[in-house]
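Asks: The structure that follows is given in the form of structure tokens.
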Amino acid sequence: MAKQDITTALPPTCKPIVPTPETKTQDVLSRWSDAHVSLPYAIVTPTSTEDIVSTIHFAQSHSLKIVPAAGANGSFIPITSRTIYLDMTSFNKVHLDASRGEVTIGGGATTGTVLQHLAERGWHTVLTNSNAVGVVGAFLGGMSGAVNGIKGFGIDHVTSVTMAIFDAGQAPDWRVLCGAGHGMGVVTSLTLRAWRVDELGLTDGKVWTRKLMFPARAVAEVAELYLALQPPARELTAVMVFLRAPPTAPVPDAPMILLSLSYFGSEGSARRMCVKTYEERYTRKAIMNVTALTKMEDLNAANEPLSARGGFKEYYGCFLEEVSMESIVKSFEEWQKFTAADLKDRGKSFVVIGSWSTDVLVKNEGALGYKTYFNARGRGTFVQATVWYDKWDAKEEADSFGSALVGYLRKEDRQAGRKDFCFANNMIAGHNIYEIYTEEQTRYETGKRYI
Ligand SMILES: Cc1cc2nc3c(=O)[nH]c(=O)nc-3n(C[C@H](O)[C@H](O)[C@H](O)COP(=O)(O)OP(=O)(O)OC[C@H]3O[C@@H](n4cnc5c(N)ncnc54)[C@H](O)[C@@H]3O)c2cc1C
């Protein structure tokens with residue numbers, strides 16, 4: 001069948017777009033990262049399950065791969081001339097069933113849409129920290145969020161998944177969908193448990209947040225302060241970010257460290273838990289010191305710049321059990337060097353080191369009665385170094401910076417003989433899969449190689 005036939009083979013409601021060799025990739029595809037993205041075979045925007053099934057049949061009979069896309073943040077997914085890019089934006093519905101305490105989320109819905117929908121009704125669920133991220137895309141890799149400490153990951157709270165599967169002879173194993181769910185089919189909807197915000201005991205129904213910004217010379221003190229908050233209380237998420245000042249700042253491009261705290265409890269208990277962050281020896285070094293009560297729907301607003309589309313971006317990350325001040329300071333210095341070498345091209349690269357209580361994550365697995373495909377439940381420190389550059393020829397250096405940085409931060413865990421772990425949602429193309437899954441998990445029940 002000739003390539004153009006997709007336009008007539010699929011129902012007109014799929015609105016297939018077939019690029020020509022002259023089409024510029026960015027004119028038809030807008031993604032968080034341009035890494036590993038080239039012109040697809042076609043872009044299809046289904047409006048019904050029937051449209052999706054027709055597209056799967058077409059792909060199978062033409063030996064094409066389907067890549068469903070919702071938030072377009074998965075930089076680990078190569079898009080090639082053999083890809084049908086399935087734009088799921090028509091599946092962006094959200095429905096809260098308050099009587100059951102469940103929310104049903106369409107396969108194309110983003111975090112921002114769901115967060116807003118629930119917050120308006122006084123509810124919440126486990127969602128990511130970026131409004132732009134697709135909920136289903138994040139769920140398939142585990143779905144970590146601001147309430148990890150009190151609720152665990154998204155995969156711990158799924159009650160049903162509706163999908164059109166790629167391999168009709170092999171329905172996906174439920175446990176596999178929970179953390180290793182990519183590439184098995186197209187999820188049209190996902191139902192998660194949801195909870196009332198007023199059960200959290202928040203002050204004025206808002207989340208206590210505190211942000212302290214420090215200059216580079218205070219890195220050792222920030223690391224000390226961050227480590228003093230470990231292990232965090234269940235209600236607390238503590239995040240350190242290495243980033244450069246924006247062009248509008250008094251000293252554009254200056255290297256800085258942000259300590260960002262959010263507490264899902266009362267203002268009084270938040271202050272008690274974070275009392276150290278009010279000590280004068282730290283606060284006098286801070287160039288910004290802001291404490292606020294933040295509405296649920298605004299929780300991700302400050303992360304908006306990290307969701308900007310375009311440019312080449314990849315994440316290097318890991319989960320840690322232990323991290324030292326020395327490793328944090330070393331990784332900060334290396335990030336500073338990497339970005340300083342070409343500020344214009346890679347100055348936007350940033351590093352996140354965050355932490356949460358692992359008690360509930362560990363307990364959840366026992367309560368589920370089966371093992372999910374997320375193995376780092378006992379690791380409470382999460383690292384994500386995002387390399388971000390505009391010229392593809394910076395990739396080699398970016399790769400070696402990213403791997404080295406993760407290596408510095410893994411020092412304590414490796415010395416203690418602990419296995420390397422990283423997050424499925426932060427994979428890079430060609431990632432060592434055994435850092436995410438066990439050897440056993442890479443095989444399906446039938447013995448067929450699965451991942
Ligand atoms: C700025 C930023 C912040 C992030 N924050 C978090 C966070 O707080 N917590 C967290 O867990 N992760 C986070 N991530 C990682 C994110 O969860 C993954 O990148 C995820 O894969 C993105 O899903 P998406 O729909 O946005 O991207 P897409 O590229 O559209 O999809 C990603 C993958 O999911 C598949 N997929 C998407 N929708 C469907 C569907 N309906 N059916 C079947 N497959 C589907 C795609 O085929 C692809 O394999 C973040 C990423 C970025 C860039």
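The values are calculated or read from the model by the stated rules, or taken from the named source; none is laboratory data. This structure is a prediction, so every number in the text was calculated from the model and none was measured. All Cβ positions, glycine included, derive from the backbone under ideal geometry; neighbour counts span all protein chains shown. The area values use the complete protein model at the heavy-atom level, side chains included, leaving out ligands, DNA and RNA. Shrake-Rupley method; radii C 1.70, N 1.55, O 1.52, S 1.80 Å.
Asks: Which order do the peptides 426-432, 357-363 come out in when sorted by mean C-beta neighbours inside 10 angstrom, highest first?
Replies: Result, highest mean Cβ count within 10 Å first: 357-363, 426-432.
Asks: For a 29 Å ceiling on Cα separation, which of these pairs sit above it: LYS15/LYS348; LYS93/LYS206; LYS93/LYS419; LYS24/LYS313; LYS206/LYS337?
Replies: LYS15/LYS348; LYS93/LYS419; LYS206/LYS337
Asks: Something else about it: List, in order, the whole-Hz ³J(HN,Hα) value for each residue of segment 77-94 obtained from phi through the Karplus relation with A = 6.51, B = -1.76, C = 1.60 and θ = phi - 60°; use x for Gly and Pro.
Replies: Result, rounded to whole Hz: 9, x, 10, 10, 5, 9, 9, 9, 8, 9, 7, 8, 4, 6, 9, 10, 7, 9.
Asks: Rank-order 258-267, 180-189, 245-254 by packing density, defined as the average count of other C-beta atoms within 10 Å over each peptide's residues, highest first.
Replies: My ranking of the peptides, most packed first, is 180-189, 258-267, 245-254.
Asks: Between THR283 and ALA308, what length in nm is gained on full extension when 0.36 nm per residue of separation is reduced by their alpha carbon distance?
Replies: 5.9 nm
Asks: What length, rounded to one decimal in nm, is gained on full extension from THR442 through to GLN26, with 0.36 nm per residue of separation minus their alpha-carbon distance?
Replies: That works out to 146.3 nm of additional length.
Asks: To continue, here is another question. At what distance in angstrom do the alpha carbon centres of segment 1-52 and segment 89-139 lie from each other?
Replies: First find each Cα centre; the distance between them is then 26 Å.
Asks: Working from Cα positions, state the angle (0 to 90°, nearest 10) between the long axis of helix 325-340 and the longest principal axis of the chain.
Replies: Approximately 60 degrees, to the nearest 10.
Asks: Label SER48 and VAL362 with points 7 Å out from Cα along Cα→Cβ: what is the distance between them in nm?
Replies: Result for the modelled spin labels: 5.1 nm.
Asks: Let me ask another. Does anything in segment 188-221 have its amide N under 18 Å from the 7 Å Cα→Cβ label point of THR162, and if so which residues?
Replies: Within reach of a label on THR162: 188-194.
Asks: 5 Å is the cut-off here: which amide hydrogens, built 1.01 Å from N in the peptide plane, fall below it relative to THR294, excluding neighbours closer than 5 in sequence?
Replies: VAL207, TRP208, THR209
Asks: Whole-Hz ³J(HN,Hα) for each residue in segment 188-200, computed from phi via Karplus 6.51 cos²θ - 1.76 cosθ + 1.60 with θ = phi - 60°, x for glycine and proline: what do you get?
Replies: 8, 7, 9, 10, 10, 5, 9, 9, 6, 4, 5, 6, 7
Asks: A follow-up question, please. How high is the FRET efficiency from LYS419 to ALA220, r the C-beta distance, R0 35 Å, rounded to 0.05?
Replies: The formula returns an efficiency of 0.75 here.
Asks: Restricting things to alpha carbons, find the Rg to Rh ratio for the chain using the Kirkwood radius for Rh.
Replies: 0.96
Asks: With contacts defined as alpha carbon pairs under 8 Å and 6 or more residues apart, what's the relative contact order of the chain in percent?
Replies: 15 percent
Asks: Right, another one. Using a basic spin-label model with each label point 7 Å from the Cα along Cα→Cβ, how many nm lie between SER63 and LYS276?
Replies: Here the answer is 5.9 nm between the modelled labels.
Asks: Any chance you could look up the accessible area of TYR278 with a 1.4 Å probe, heavy atoms only, rounded to 10 Å²?
Replies: Using a 1.4 Å probe on the heavy atoms, I get roughly 70 Å².
Asks: Note down the accessible area of LYS285, probe 1.4 Å, to the nearest 10 Å².
Replies: 70 Å²
Asks: What does the convex hull of the Cα atoms of segment 1-84 come to per residue, in Å³, rounded to a whole number?
Replies: 91 Å³
Asks: Now for a separate question. Applying a 10 Å radius around every beta-carbon, put 393-406, 223-236 in order of their mean neighbour count, most first.
Replies: So the peptides 393-406, 223-236, ranked by packing, come out 223-236, 393-406.
Asks: Ok, one more. Report, in debye and to the nearest 20, how large the dipole of the chain comes out about its Cα centre when Lys and Arg carry +1 and Asp and Glu carry -1 on their Cβ.
Replies: In total the dipole reaches around 400 debye.
Asks: Are there trypsin sites (Lys or Arg not before Pro) in segment 1-87 that DSSP puts in a loop and that have at most 13 other Cβ atoms within 10 Å, and which ones?
Replies: LYS24, ARG82
Asks: Give the span of segment 83-154's Cα atoms along each principal axis, as three whole-Å numbers ordered largest to smallest.
Replies: 39, 24, 19
Asks: Applying the Karplus parametrisation 6.51 cos²θ - 1.76 cosθ + 1.60 with θ = phi - 60° to the phi angles of segment 414-420, what ³J(HN,Hα) value in whole Hz is obtained for each residue in order, glycine and proline being reported as x?
Replies: Values per residue, Gly and Pro as x: 5, 4, 7, x, 7, 5, 6 Hz.
Asks: Per 0.36 nm of contour for each residue apart, how much would the distance between ASP393 and GLU120 grow if the chain were fully extended, relative to their Cα-Cα spacing?
Replies: So the extension gain works out to 93.7 nm.
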